[in-house]
Amino acid sequence: MFVTDQSGGIFSSNITNTPLQFTEALPSTAQLTTPVALDYNPNTLMLYWSDTSLSSIEWYSFATNQQGRFVSFEAGHVNGLVIDKIGNKLYWTSLQEVRIEVINLDGTNRTILFDTSLDKPSGIEIDTTNGYLYWTDWGTDMIERAQLDDLSTRTAIVTTGLQSPTGLALSVSDSGGKMYWCDGGTDLIEAANLDGTNRTTLVTVIRTHPFNIKIYGNYLYWTDWADAKIYWYERMTGTLSSGVDNQFGQPGALYIGPFTADNQDDCDAKCFNGGTCVFTTDDISVCECPYGYMDQTCSTVVGYCPCALP
């Protein structure tokens with residue numbers, strides 16, 4: 001797990017640790033001012049984040065221990081970014097420039113996808129299985145999506161009952177696919193089908209301000225600006241944590257997934273019932289299970305890692 005702290009740090013933790021224990025993810029020489037959005041590519045060991053004070057998207061390579069500037073803005077406040085690990089692209093939302101853009105991971109072909117009918121675009125996610133891009137907008141108070149190969153299909157799929165939707169997460173492996181979001185205005189964690197139907201409220205987070213949300217197996221994790229904590233919610237039992245306080249100043253974006261893609265095919269072969277194998281930072285294999293199934297952890301990648309019914 002990686003998490004940005006807008007006070008000036010990026011932290012990491014092994015997701016299997018109980019409780020979560022965070023340490024600085026980058027060396028002290030790394031240039032960090034106000035990191036907000038973040039995503040990680042386990043195929044290349046590259047971490048990407050936005051820095052609102054520097055008006056840029058930065059990268060850090062864990063393979064070479066080098067940092068660089070990927071995208072610069074005149075006045076860029078990027079609240080959300082996501083890597084397409086199959087198409088080798090990076091998508092982001094820009095609050096100040098009020099647009100959604102994409103660029104190849106080799107730095108070529110930077111393109112504006114949308115710059116109309118937006119106000120404060122924030123969270124962004126990609127569904128490579130079905131070919132959709134999703135985003136939230138806490139200015140228009142909507143969640144929208146569009147087909148990646150036909151941007152004219154742009155559609156607002158959640159248009160009511162939102163006040164400040166920020167974070168967004170997708171789980172294509174759930175039955176029929178699900179999306180989850182947090183709203184800092186309503187203080188709700190909600191879920192719906194990928195087309196916006198069958199909307200339900202999962203958690204009411206009183207007197208807090210959820211910002212970014214991610215899904216990992218049967219768990220939802222989110223950061224909270226009001227009390228500077230990370231929370232999680234177990235979807236199958238409805239259990240809500242009391243929050244992890246790592247003395248964050250203002251936790252921002254989360255990445256939860258494998259640190260390395262090594263042995264991915266071998267690991268996937270050990271998962272059953274629709275599970276996908278992921279690796280922790282200690283190279284422990286874990287099945288990311290569809291909703292309704294329990295996570296099973298293996299001590300090594302050669303063991304079995306089934307998704308089991310409770």
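List, in order, the whole-Hz ³J(HN,Hα) value for each residue of the range 228-238 obtained from phi through the Karplus relation with A = 6.51, B = -1.76, C = 1.60 and θ = phi - 60°; use x for Gly and Pro.
The phi angles translate into 6, 10, 10, 10, 9, 9, 8, 5, 6, 9, x Hz.
Quick check for you: with a 1.4 Å probe and neighbouring chains kept, what is the accessible area per residue of the range 130-248, in Å²?
39
Which lysines have a Cα lying under 30 Å from the Cα of LYS229, excluding residues fewer than 8 positions away in the same chain?
Once the sequence-local lysines are set aside, what remains near LYS229 is LYS85, LYS120, LYS178, LYS214.
Quick one: if the Förster radius is 30 Å, what FRET efficiency do SER53 and LEU113 give, using the C-beta to C-beta distance and rounding to 0.05?
Computed FRET efficiency for SER53 and LEU113 comes out at 0.75.
Multiply the residue separation of LEU202 and THR155 by 0.36 nm, subtract the distance between their alpha-carbon atoms, and state the gained length in nm to one decimal. Intermediate results must be reported in sequence, preceding the final value.
Numbers: separation 47, 0.36 × 47 = 16.92 nm, distance 2.42 nm.
That pair, LEU202 and THR155, stretches by 14.5 nm at full extension.
In the range 174-243, which trypsin sites (Lys or Arg not before Pro) fall in coil by DSSP and have 15 or fewer other Cβ atoms within 10 Å? Show your work: numbers first, answer last.
Details: sites: LYS178, ARG199, ARG207, LYS214, LYS229, ARG235; in loops: ARG199, ARG207, ARG235.
Taking the range 174-243 and a limit of 15 other Cβ atoms within 10 Å, the loop trypsin sites (Lys or Arg not before Pro) found are ARG199, ARG207.
Residues of the range 67-107 with amide nitrogen under 20 Å from the 7 Å Cα-to-Cβ point of THR128?
Residues 80-93, 101-107 qualify, since their backbone N sits under 20 Å from the label point.
Of the accessible area of the range 35-117, with the probe set at 1.4 angstrom, what percent is carbon plus sulfur? All intermediate terms of the calculation are to be shown ahead of the outcome.
Values: 1440 of 3250 Å².
Roughly 45 percent, rounded to a whole number.
Roll a 1.4 angstrom probe over the protein heavy atoms and tell me the percent of accessible area of the range 133-214 that is carbon or sulfur.
Result for the range 133-214: 47 percent of the exposed heavy-atom area is carbon or sulfur.
Under 8 Å for C-alpha pairs, at least 6 residues apart: give me the relative contact order for the range 117-273, rounded to a whole percent.
Computed value for the range 117-273: 12 percent relative contact order.
Taking only Cα atoms of the range 76-140, what ratio of Rg to Rh do you get with Rh as the Kirkwood inverse-distance radius?
That ratio equals 0.95.
Run the simple label-point estimate for SER241 and SER7 please: 7 Å along Cα→C-beta, distance reported in nm.
1.8
Which whole-number value in Å² is the accessible area per residue of the range 77-118, probe 1.4 Å?
Dividing the accessible area of the range 77-118 by its residue count gives 42 Å².
What's the extension gain from GLN21 to ASP227 if we count 0.36 nm per residue and subtract their Cα-Cα distance?
Gain on extension, GLN21 to ASP227, equals 72.4 nm.
The values are calculated or read from the model by the stated rules, or taken from the named source; none is laboratory data. Treat the numbers as computed from the prediction; the structure is a model and nothing was measured. No Cβ is skipped: glycine too gets one built from the backbone with ideal geometry, and neighbour counts run over all protein chains shown. In case anyone asks, the SASA skips ligands and DNA or RNA and just uses the protein heavy atoms, side chains included. Shrake-Rupley method; radii C 1.70, N 1.55, O 1.52, S 1.80 Å.
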